[in-house]
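Worksheet: the structure to be examined is printed underneath.
The values are calculated or read from the model by the stated rules, or taken from the named source; none is laboratory data. The structure presented is a predicted model; accordingly, all values stated were derived computationally and were not measured. Reconstructed Cβ throughout: ideal geometry from the backbone, glycine too, with neighbour counts over all protein chains shown. Note: areas computed on protein heavy atoms with side chains; ligands, DNA, RNA excluded. Shrake-Rupley method; radii C 1.70, N 1.55, O 1.52, S 1.80 Å.
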Amino acid sequence: MRVDLFDFDLPPESIALRPARPRDSAKMLVLAGDARTDAVSVSDLPSLLRAGDCLIFNDTRVIPAQLEGRRGDARIGATLHKREGLRAWRAFIRNAKRLHEGDVVDFGAGVSATADARAADGSFRLSFAGDEPVELLLERAGRMPLPPYIAGKRETDARDAEDYQTMFARAPGAVAAPTAALHFTPALMAGLAAAGIASETLTLHVGAGTFLPVKADDTDDHAMHAEWGVIDAATAARLNAVRANGGRLIAVGTTSLRLLESAADEAGVIHPFEGDTAIFITPGYRFRAIDGLMTNFHLPRSTLFMLVSALMGRERMQAAYAHAIAAGYRFYSYGDSSLLLPDS
């Protein structure tokens, strides 16, 4: 499909630079079947779902994956993207023309890495010196990797260390937050449990590739980034039991959805999964594992807007986004939420 079919105009003032406080006070647009519901917040979620439904969260934890360093006199910026070994990470490089294979970058605080294995997309593999876990090195020298549409408008600060981490964050390895889950609080989870709505977690380490624009003119020509994820056997069995008992599986975030769809067979049975997924979901895709999605509002021409268009229909999502912009919904990682239920 033509990529420009997924374009829309977004005013800069629609981009949220800080999250709502409290987190679950964010507005939520509900698309259920052919109906659209406004004037609700994330805190209303227990009344919008059914007893027996299950929300699936991503428990990845964002690491301080943004690094600033020097190679000689050259300033080098690095955003870690994906682990490639015990001490090696693939990284997108700022000022990459000043970096060559074999160069050593000093990131300060006793942290340095050798650049090697440059890829066609311009990224390098960074192999970190020493024998300390890379996570400890990043705690010393790194900072929270805010999305470029936020970082380009303000400096990262101490608040972001908490704001850009979900309450479910457990497994370190993401360089971007699974932002749909940023809206959840312990009080909201208690309300969901009281309403008979279950929850499960899986792990998908979100990579910086999630922010890359689609540069191809046709979706068939876009190379999707790969991310590592895992669903254990016990979790898969419980998720399958939800559907067997008549409940719905509602993915919280596109990362949870992509991993669930990667783990499901043609009959919709979810199997244990561990490894990389580069699944690219566009209109025409038949969803197998999920019955709904809770997600924030996405960038124009992005793979994530293509995904929600596949779930709900492209024209319907274009109309919903136009309404959201006109109604003052806040977009992107720190923005408001939507609940998408195609068959309600």
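Residue 50 sits among other residues whose Cβ lies under 15 Å from its own Cβ, and their net charge, with Lys and Arg +1 and Asp and Glu -1, is -2. If both residues of a DSSP beta bridge must be in the chain, then about 70% of such bridges are antiparallel. Sorting the Cα pairs of segment 90-242 by distance into bins of 10 Å, from 0 upward, gives 8, 27, 34, 21, 8, 1 percent per bin.
Considering only DSSP beta bridges with both partners in segment 54-204, what is the antiparallel share in %, to the nearest 5? Antiparallel: roughly 75 percent of the beta bridges in segment 54-204. If the cut-off is 27 Å between C-alpha atoms, which lysines fall inside it for residue 215, apart from same-chain ones fewer than 8 positions away? Partners found: 82, 97, 153. Please state the shape class of segment 5-63: rounded when a/c is under 1.5, otherwise prolate if a/b exceeds b/c and oblate if not, all from the C-alpha gyration tensor. In terms of gyration-tensor shape, oblate. Under a model in which nothing but the beta-carbon of Lys, Arg (+1) and Asp, Glu (-1) is charged, segment 193-294 shows a dipole of about 460 debye around its Cα centre.
Along the axis of the charge dipole computed for the chain (Cβ charges of +1 for Lys and Arg, -1 for Asp and Glu, origin at the Cα centre), the listed residues 297, 259, 219 are led at the positive end by 297.
Across the protein chains, with a 1.4 Å probe defining accessible surface, the residues 27, 153, 97 rank 97, 153, 27 from largest area downward. Along the charge dipole of the chain, pointing to its positive end and built from +1/-1 on Cβ of Lys, Arg, Asp and Glu, which listed residue (167, 312, 1) has its Cα farthest out? Of 167, 312, 1, it is 167. Remark: segment 1-69 carries a charge dipole of roughly 280 debye about the Cα centre, counting +1 on each Lys and Arg Cβ and -1 on each Asp and Glu Cβ. In whole angstrom, note down how far apart the Cα centers of segment 274-344 and segment 103-180 are. With segment 274-344 and segment 103-180 each reduced to a Cα centre, they are spaced 27 Å. Mean residue ellipticity, 222 nm, helices only, the chain: the sum of -39500 (n - 2.57) across DSSP H runs of n ≥ 4, divided by residue count and rounded to 500, is -6000 deg cm²/dmol.
For the chain, the Cβ-based charge dipole about the Cα centre amounts to some 480 debye (Lys, Arg positive; Asp, Glu negative; other atoms uncharged). Taking other residues whose beta carbon is less than 15 angstrom from the beta carbon of residue 102, and scoring Lys, Arg as +1 and Asp, Glu as -1, yields 0. Just so you know, the averaged projected area of the alpha carbon convex hull for segment 1-120 sits at 13.8 nm². Over segment 162-288, the Kirkwood radius and the radius of gyration, each from Cα atoms, give a ratio Rg/Rh of 0.97. Sorting 224, 294 by accessible area puts them as 224, 294; the probe is 1.4 Å, largest comes first, and only protein heavy atoms count.
Shape analysis of segment 29-89 based on the Cα gyration tensor places the equivalent ellipsoid semi-axes at 44, 17, 10 Å, largest first. Using a probe of 1.4 Å on the protein chains alone, the accessible area found for residue 235 is around 10 Å². In a shell of Cβ-Cβ distance under 14 Å around residue 75, excluding residue 75 itself, what net charge do Lys and Arg (+1) and Asp and Glu (-1) give? Value of the local net charge: +1.
In µm²/s, what is D for segment 220-344 at 4 °C and 1.567 mPa s, where D = kT/(6 pi eta Rh) by Stokes-Einstein and Rh is the Kirkwood radius from Cα pairs? Estimated via Stokes-Einstein, D reaches 84 µm²/s.
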